[in-house]
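Quick one: the structure is below, and I'll ask about it shortly.
The values are calculated or read from the model by the stated rules, or taken from the named source; none is laboratory data. Worth saying up front: this structure is predicted, and the values here are computed from it rather than measured. So basically every Cβ, Gly included, is an ideal-geometry build from the backbone, and we count neighbours across all protein chains shown.
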Amino acid sequence: MRDKVEAALDKVRPLLQADGGNVELVEVTDKGIAKVRMQGACKGCPMSQITLRNAIERTLLKEIPELKGVEPAD
């Protein structure tokens with residue numbers, strides 16, 4: 001499933017990179033949760049949680065129905 005998540009993230013990355021940010025896939029848990037880490041300008045941005053939910057999570061769940069959710073990595 002990791003390859004599917006990476007492929008779906010590649011669809012979101014250009015939007016993030018246009019604003020100086022990026023996203024890293026840290027892991028996909030056994031429970032189907034993708035843990036991601038915001039990078040670059042997204043890392044400290046106050047809007048990063050909205051970006052995580054509205055852009056990243058929405059895209060991943062649409063592309064990968066078996067995925068249960070997306071969470072920020074610690």
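Using beta carbons and a limit of 7 Å, which pairs, at least six apart or on different chains, have the first residue in region 27-47 and over 23 Å from ILE64 (Cα atoms) and the second one loosely packed, with under 13 Cβ neighbours inside 10 Å?
Cβ pairs passing all conditions: GLY40/GLY20; ALA41/GLY20.
Just for region 19-74: of the residues that are modelled with pLDDT of 95 or more and small (Gly, Ala, Ser), which one is surrounded by the most Cβ atoms within 10 Å (Cβ to Cβ)?
Here the residue is ALA34.
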